[in-house]
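What follows is a short report on a single structure.
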Amino acid sequence: MTAIQITKVEKSYKSLKALGGVSLSIEEGEFFGLLGPNGAGKTTLISTIAGLIRPDVGSVAIHGHDVVTDFRAARGKLGVVPQELVFDPFFTVRETLRLQSGYFGLKNNDKWIDEVMGELDLTNKADVNMRALSGGMKRRVLVAQALVHKPPVIVLDEPTAGVDVELRQTLWKFISRLNREGHTVVLTTHYLEEAQAMCQRVAMLKAGQVVALDTMSALIRRISGSQLIVHLASGDLPEDLRHLVSHDEHDSGNSGGNKYSLRVNEYTDVEPILARLRESGAVIDEMQLQQADLEDIFLQIMDKGAL
Ligand SMILES: Nc1ncnc2c1ncn2[C@@H]1O[C@H](COP(=O)(O)OP(=O)(O)OP(=O)(O)O)[C@@H](O)[C@H]1O
Ligand SMILES: [Mg+2]
């Protein structure tokens, strides 16, 4: 089943087009990353998913429920962790979570509330007023709030902004568990190594448009390929492998030594290169396969505007 169906969504603020016709289909059980620079439209898109703002054109459905015409059903399937910290300062953490449960018509939800607080390391803050919490603690409560009704679809808008290393790890462990148990997760973050570690598929937004959409592994492979770095103890690179030497190497003036950086597109490209080296009598002293990472690809895509 499709967890989130976004169809040709457009949203303008006066003359500024925040979303310029976004279509995305996120399947149930996916861990999906929504990436893009500041102002790309990520939060605007999440607000339309949450039914907080209406698109000018297009529609969004959660598990088949339109977020405008069938708001309550759609909202019930969804847990959103907003980017901005919003909360009522006069309630304690536990009261905040009970109120949120009540909003979804859940009574006797304390067992799950306790479990969520435990997972997010909030148990010893249960009876503390929201205003007395630190910024990172408040963000934990926002995450807990999004999860009180065990929503099948969880959307996190920069959940780790301003959050310490320990909570990041706790949070990812918990969110991964929920994803393994079948929850769909959509994540925006500027920490690209987090996205790379967690997300199976990624959309990149730029100025309100989707400029890349693919699985994480395909994106990383397709755009930059990898580098096979070989250090030769003796012998030299055979002529017929010279076309693989990467440009960076020439640029940095390293090409004269016995260390070469060769472009490979697939892991299966490595074997014939090694066989050819052996055949030519070259002896490898050291070897390393260096993968392009999401940050390289992100910068490349944002630079060029498209794949
Ligand atoms: N309520 C609003 N009124 C006017 N302009 C808005 C409003 N909300 C967002 N915008 C504009 O829409 C564009 C997209 O903003 P949005 O918050 O969706 O970006 P974002 O991708 O979430 O960025 P960030 O990474 O900084 O959170 C920006 O140019 C922003 O200034
Ligand atoms: Mg945002």
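Calculate the translational D of the chain in whole µm² s⁻¹ from Stokes-Einstein, where the hydrodynamic radius comes from the Kirkwood formula applied to all Cα pairs, the temperature is 25 °C and the viscosity 0.890 mPa s. The calculation lands on 112 µm²/s.
Among beta bridges identified by DSSP and lying wholly in the chain, the antiparallel ones come to about 70 percent.
Local charge sum around SER12 (other residues, Cβ-Cβ under 13 Å, Lys/Arg +1, Asp/Glu -1)? Working shown, then result.
Working: positive: LYS11, LYS14, LYS17, ARG54; negative: GLU10, ASP56.
Result for the neighbourhood of SER12: +2.
Could you tell me the distance between the Cα centroids of the range 146-196 and the range 25-58, to the nearest Å? Cα centroid of the range 146-196 versus Cα centroid of the range 25-58: 15 Å apart. When the chain is treated as a Gaussian network with alpha carbon springs shorter than 10 Å, the biggest mean-square fluctuation among MET287, MET117, MET204 belongs to MET287.
For the range 81-174, the solvent-accessible area with a 1.4 angstrom probe is 49 square angstrom per residue. Please list, in chain and number order, the residues 5+ apart from ASP214 or on another chain whose amide H is under 5 Å from its amide H, with Hs placed from the backbone. Distant-sequence amide H within range of ASP214: VAL202.
Expressed as a whole percent, how much of the Cα-Cα distance distribution for the range 3-121 exceeds 25 Å? So the portion of pairs separated by more than 25 Å is 35 percent. Put simply, when 41-49, 212-220 are sorted by average Cβ atoms within 10 angstrom per residue, most first, you get 41-49, 212-220. Per atom type, the chain shows carbon and sulfur on 50% of its accessible surface, probed at 1.4 Å.
A straight Cα-to-Cα reach below 26 Å connects LYS77 with the lysines LYS8, LYS11, LYS42, LYS107, LYS111, LYS138, LYS150, LYS173, residues fewer than 8 places away in its own chain not being considered. Between THR69 and GLN169, the FRET efficiency estimated from the beta carbon spacing at R0 = 45 angstrom works out to 0.65. Annotation: extensible slack from ARG276 through LEU106 equals 54.5 nm (criterion: 0.36 nm per residue apart, minus Cα-Cα distance).
Compute the length gained on full extension between GLN291 and TYR13: take 0.36 nm times their separation in residues and subtract their Cα-Cα distance, giving the result in nm to one decimal. All intermediate terms of the calculation are to be shown ahead of the outcome.
Numbers: separation 278, 0.36 × 278 = 100.08 nm, distance 4.02 nm.
Going from the current span to full extension adds 96.1 nm.
Estimated from helical segments only, the mean residue ellipticity of the chain at 222 nm is -10000 deg cm²/dmol, where each DSSP H run of four or more residues counts as -39500 (n - 2.57). Equivalent ellipsoid of the range 176-232: semi-axes from √(5λ) of the C-alpha gyration tensor, largest first, are 26, 18, 10 Å.
The values are calculated or read from the model by the stated rules, or taken from the named source; none is laboratory data. In this text, all values refer to a predicted model and were calculated from it rather than measured experimentally. Cβ atoms come from the backbone with ideal geometry, glycine included; neighbour counts cover every protein chain shown. Quick note on the areas: whole protein, heavy atoms, side chains included, nothing else; ligands and nucleic acids left out. Shrake-Rupley method; radii C 1.70, N 1.55, O 1.52, S 1.80 Å.
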